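Data first, discussion second: the structure below is written as structure tokens.
The values are calculated or read from the model by the stated rules, or taken from the named source; none is laboratory data. Bear in mind that the values here come from a model prediction, so they are computed numbers and not experimental data. Glycine also receives a Cβ, built like all others from the backbone with ideal geometry; neighbour counts cover every protein chain displayed. Surface areas here come from the heavy atoms of the whole protein model, side chains and all, with no ligands, DNA or RNA. Shrake-Rupley method; radii C 1.70, N 1.55, O 1.52, S 1.80 Å.
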Amino acid sequence: MLKLAFNAARNGWTGLKDLPLRAAVALGSSGLGQPPRPDQLWKAYGIVLPIGVLTLWAIPQVTIVMSPSIDAHLVRHASGPILRGDLVSFTLSHPLAGPKPVDVTKYALCFPGERISMIEKPSMSPGKWDGWYFCEGRLLGVSKPFGHNGQPLEHWHPANGRILPGTIYVGSSHASGFDSRYYGPVPIDRLSRMEKVL
């Protein structure tokens with residue numbers, strides 16, 4: 001069994017090692033059965049290697065946003081202080097987000113010391129209540145009693161009517177956004193300022 005695995009790995013490596021040469025020959029031959037032109041290997045490297053290096057550099061520079069609550073598909077880190085309306089990214093650990101921490105991108109909406117209020121109103125779901133969140137009188141969003149998979153959602157209750165020092169309320173206007181409506185403001189030192197690329 002071990003010998004079979006070793007032979008398979010050796011044959012796979014040989015095939016992988018010869019792949020660039022075979023690709024170059026395929027690109028360089030003038031027709032089926034024509035003599036190989038190994039000089040095409042260097043031309044192939046000249047095309048493929050710069051593209052590979054550029055891709056290797058570009059991928060870590062951007063973050064893909066999977067949430068429909070944010071008006072961006074690709075974002076990247078931006079310098080400077082976080083201002084109202086800026087995109088911010090952070091790692092969220094929450095039972096409803098899944099068993100592992102997830103990277104989340106939201107908008108910075110309400111800042112330390114600002115008045116935050118929540119008014120509970122009857123929900124469209126019988127016997128449930130929605131939380132309507134306001135920052136300095138501006139509506140930030142409305143919580144829902146259930147998530148899109150039917151899981152019950154508990155909304156956040158502000159304790160003293162102000163956003164605590166060192167934290168920011170994050171969210172979006174999307175009705176189904178999972179944000180500070182449910183887990184409260186996020187510490188600023190956990191937030192990274194982002195900017196939209198696409």
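Numerical summary
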| item | result |
| --- | --- |
| Residues of the stretch 154-182 classified as open to solvent by less than 10 Å² (accessible area, probe 1.4 Å), assigned to a loop (DSSP other than H, G, I, E, B), touching a residue at least 60 places away in the same chain (Cβ under 8 Å) and not charged (D, E, K, R), total | 2 |
| The listed residue being out of contact with any Leu (no Cβ under 7 Å at 6 or more places or on another chain), among the acidic types (Asp, Glu) and closer than 21 Å to Pro165 by Cβ, out of Asp71, Asp103, Asp86 | Asp86 |
| Every pair of residues 6+ apart whose Cβ atoms lie under 8 Å, when the first sits in the stretch 183-195 and is on the phi < 0 side of the Ramachandran plot while the second is part of a helix (DSSP H, G or I) and at pLDDT 95 or above | Val186/Ser180 |
| Answer residue from the stretch 183-198, given it is in a strand (DSSP E or B) and among the hydrophobic types (A, V, I, L, M, F, W, C) and is farthest from Leu74 (Cα to Cα) among those | Val186 |
| Index of the failed condition, Leu74 passing every other in (1) modelled with pLDDT of 90 or more; (2) in contact with a strand residue (DSSP E or B) (Cβ under 8 Å, 6 or more places away or on another chain) | (1) |
| Residues of the stretch 123-153 that turn out to be within 16 Å of Leu96 (Cβ to Cβ) and either assigned to a loop (DSSP other than H, G, I, E, B) or touching a Leu at 6+ places or on another chain (Cβ under 7 Å) (or both), as a count | 10 |
| Hey, Asp130 modelled with pLDDT of 95 or more and over 30 Å from Arg76 (Cβ atoms) or not | yes |
| Top-ranked residue of the stretch 96-124 - restricted to ones that are open to solvent by 90 Å² or more (accessible area, probe 1.4 Å) and more than 18 Å from the chain's Cα centre (by Cα), ranked as nearest to Thr63 (Cα to Cα) | Arg115 |
| From Ile70, Ile64, residue being open to solvent by 80 Å² or more (accessible area, probe 1.4 Å) and more than 12 Å from Arg193 (Cα to Cα) | Ile64 |
| Test: Tyr169 is at pLDDT 95 or above and under 17 Å from Pro187 (Cα atoms) | yes |
| Subset tally (residues that are aromatic (Phe, Trp, Tyr) and open to solvent by less than 60 Å² (accessible area, probe 1.4 Å)) for the stretch 128-145 | 2 |
